[in-house]
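Values quoted throughout were computed directly from the atomic coordinates according to the rules given, and no laboratory measurement underlies them. In this text the structure is predicted, and so the values were computed from the model without any measurement. Neighbour counts run over all protein chains shown; Cβ positions are idealised from the backbone, glycine included.
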Amino acid sequence: MKEAPEKSEKSIFSRRLMHTRLATRAAVILERVWPLILPLLVVAGLFASLSWFGVFRLMPDAARLALVAAFGLAALASLYPLRFYRAPRPEEIDRRIEAANALVHTPLQAQTDRPVGKDDGFALALWREHQKRMAETLADVGGALPRTGVPERDPWALRAVVALLLVTAFAYSFGQRGGSLEDGFRAAALAETVPPRIDAWVTPPAYTGRAPIFLTAENNASAPVFTVPEGSDVTLRITGGSGEESVVFTGRDGTARDIAQADVAQPSPAPAENAPALPRQFAGKLTADGVLALRAGEKEMDSWAFAVVADKPPVIRFADEPKRAANGAFELRYEIEDDYGAASAKADFALEDAPPPDARPLYGPPEMPLSVPRRGSGGIAMKATRDLTEHVWAGSRTKLTLSAVDDAGQEAKTETKTIELPQRPFTNPLARAVVELRKVLSLDANQKRRVVDLIDAITLRPEDTFDNPTHYLGLMAGRTRLNLASTDDQLRDVADYLWNMALQIEDGGLTDAEKRLRQAQEALKQALRDGASDEEIDRLMKELRQAMNEFLREFAERAARDPNLAQQEFQPGQELSQSDLERMMDQIENLAKSGNRQQAEELLSQLQDMMNNLQARRQQQPGEGGQESEMRQQMNKLGEIMRRQQETMNETFRMDQMQRGQQQRGQDRGQQRGQEGEQGEGQQRGQGQGMTPEEFAEALKQLQQGQGQLQKDLEALMKGLEGMGIQPGEGFGEAGEAMGEAEGALGDGDGGRATGEQGRALEALRRGAQDMMQQMQNAMQGDQGGGEEGGRQQNADRDPLGRPRATTGPDFGESVKIPDEIDVQRARQILEAIRKRLGNALSPELERSYLERLLKLD
């Protein structure tokens, strides 16, 4: 029983001692081998460091081979010390353990020694007891750590420099210019090139407003197909590589074309013989679907597929028939559509009757550029107004064609319309004759002799023809200038002289004021389109105000001299005060400065329409408007009927609500007085107290009588319209029927049904009013010949501000639109924030450039 534990303890001791001896043997081997192999490791570390730094790749072959040979000899030399290596013996291991643990009497050796001499039982027992005691001293024995002695041999720790260099080179080898261990054994011609860096992007045309697409960006790396506009520029920039890369574009039909290499600024010093390739850049245009491939020899490095969206040609069409504006200017309404916005548009004119082949015209066709809608504004109708009354083609039959061109150079045209260009009406016979002379001369300079003869005919009896001697002298001066004119420029001066003389004969200097006003308006409109600075807008607004004041002053002087004109212009409800104009011009200026240029331009167009209305009223002849006055009276009557019908409906609804409230209070008498009082107050708001049944019946009777009277007044209005030749529409008939139903419902005490019928009558009156106004406009245009005065009479039912008069019935949504002040204030705050950020000197250059572009936007 006692021998078994002893054997177990002995076994454990033996295993522990064996492990200690193995660890000590490994330590002794390491401390003997390490100093011997350290030179070899230093040589290998230096070789790897130079390889990973790419030194061998940059060296010529001779130097590279010499350096590799030197490293080889150094490696062989570092192997020589290995011949001095000797393996440790067991007794050396035991001595090392005893020395490391400070053991006395060699206890390890005692475990393996045997007594000398004959076997003696007592001696053996004594020896075992000695071994046992020595073994007890080995209970906590441990192995020894290696002591290589390298610090004594390398007191400056140069070996650490090699290790640090090796780690740094290893990390550098993962870069673009890092080398490999094979560089030392590879010829320069076959050396591995620097891995190329590829940057590829597509720049759409500037007019598309699309941002560049970076093909090599991480978020675009998995895109199968890139959709780009037609005409986009594709650019590939390669840094590094072999320098033999090429870029090929293969179309959908299989045809391939090389993308040319663009010129890139190169460094002034010439590159070394084996230096990496300099950056190369390839650029081309994308005009069709296909695949762009980057190749290095026969190997394809990368590719990108493109779907090219074709640039559609613009579309331009007439939105309305060309017509004469209220002030005599030529007015066009048109629509332009383009996928990226049209670049320019114009109106082309040509005479319907072509001049003779030998004709010598002094002037070309009129020029009328058209404004184009902003990108993304949709197919909105645009309006262009231009005064062509001074052109020699005014009053002639011309062919009109609109054309639009986009930024890609594609052009679109409308159908050709034959129109008569508006001309300035002249009431003075002499002025009309002078204008005709000017037209004959301007259309064909070969008719000079004929024009002189016509002047002689006009001045044959001056006492019968001329009321003002100044006009006679002016015309004779024009004849003299015409006789002396020999060049086209001199003839054009004579034509301009005749035109100015006709204006002087007709109405003096007011035309100059109109011209200055129109020029100021056009200059401001063009500045808004071009994105002029705030200083330029201030200057143009000052010129517009001066021209406006001068025009109004001369207009007032003419009205003071002509009582009929004053009475015609300033009827009640049609006054145009200067404060109205000042308020509109202030709004235009504020909108322009806040960046809302488009609304400022629209408001300026509305201001032009107002002035056109004023000028058109001035051009009307005495005695005009008899039928117009009668029609206006009918419109006033209709407006009064609609107003009374609205009031009757409101009163009926109030009475019906009152009746329902009284019935509800009768049913809820058990409720609390507080609730009863609140309900009564809500139902009888504005009445103070309820009504007795007798008072309620009397009120309904009065409403019934009033409704019946409205029906009779409508019937009288319809008869009056028939007498003027205007057929009342279905709306008036439906309104009369609804009025009768409402009258019956009021007689029955049914306020709810009466309110519904009154609402139906009011809606029918609105439809009838719209139909009646359309018929009146057609009748007025027919009476005045349609052509010249149609544009003026079309606005006869509006005040000088272009708004529907208060007595012409409902506004059908054509009132002047004033921009929201909240939008203006918000835009102004944004602009102030941009300017403040731009004034910060610490802002990055990229951000400052972006903010400057924002301020330059229209």
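Descriptive notes on the structure:
- Taking 0.36 nm per residue of separation and subtracting the Cα-Cα distance, full extension of the segment from R295 to E129 would add 51.0 nm.
- Under 19 Å from a label point set 7 Å out along the Cα-to-Cβ vector of R492, the amide N atoms of segment 386-421 belong to 387-394.
- Descending by average beta-carbon neighbour count within 10 Å, the peptides 423-433, 530-540 line up as 423-433, 530-540, the highest first.
- Summing charges over neighbours of F226, with a neighbour being any other residue whose Cβ is under 12 Å away from its Cβ, gives 0 when K and R count +1 and D and E count -1.
- Distance in nm between pseudo-label sites at F84 and R583 (7 Å out along the Cβ direction from Cα): 11.1 nm
- Pairwise label distance in nanometres, A350 with V225, each label 7 Å out on the Cα-Cβ vector: 4.3 nm
- At R0 = 22 Å, FRET efficiency that the Cβ-Cβ distance of E715 and Q633 yields, to 0.05: 0.85
- Reducing segment 368-409 and segment 343-358 to their Cα centroids gives an inter-centroid distance of 14 Å.
- Two-site FRET efficiency, D61 against T255, from Cβ-Cβ distance with R₀ of 56 Å, rounded to 0.05: 0.80
- With the simple spin-label model, which puts each label point 7 Å out from Cα in the Cβ direction, the E390 to H19 separation comes to 11.4 nm.
- Computed packing ranks the peptides 296-302, 352-358 as 296-302, 352-358, most packed first, by mean other Cβ atoms within 10 Å.
- Average Cα contact separation per residue, segment 397-484, under 8 Å, 6 or more apart, as relative contact order %: 18 percent
- Computed on segment 317-442, with alpha-carbon pairs under 8 angstrom and 6+ residues apart, the relative contact order is 30 percent.
- Prolate/oblate/rounded call for segment 690-735, Cα gyration tensor, a/c under 1.5 rounded: prolate
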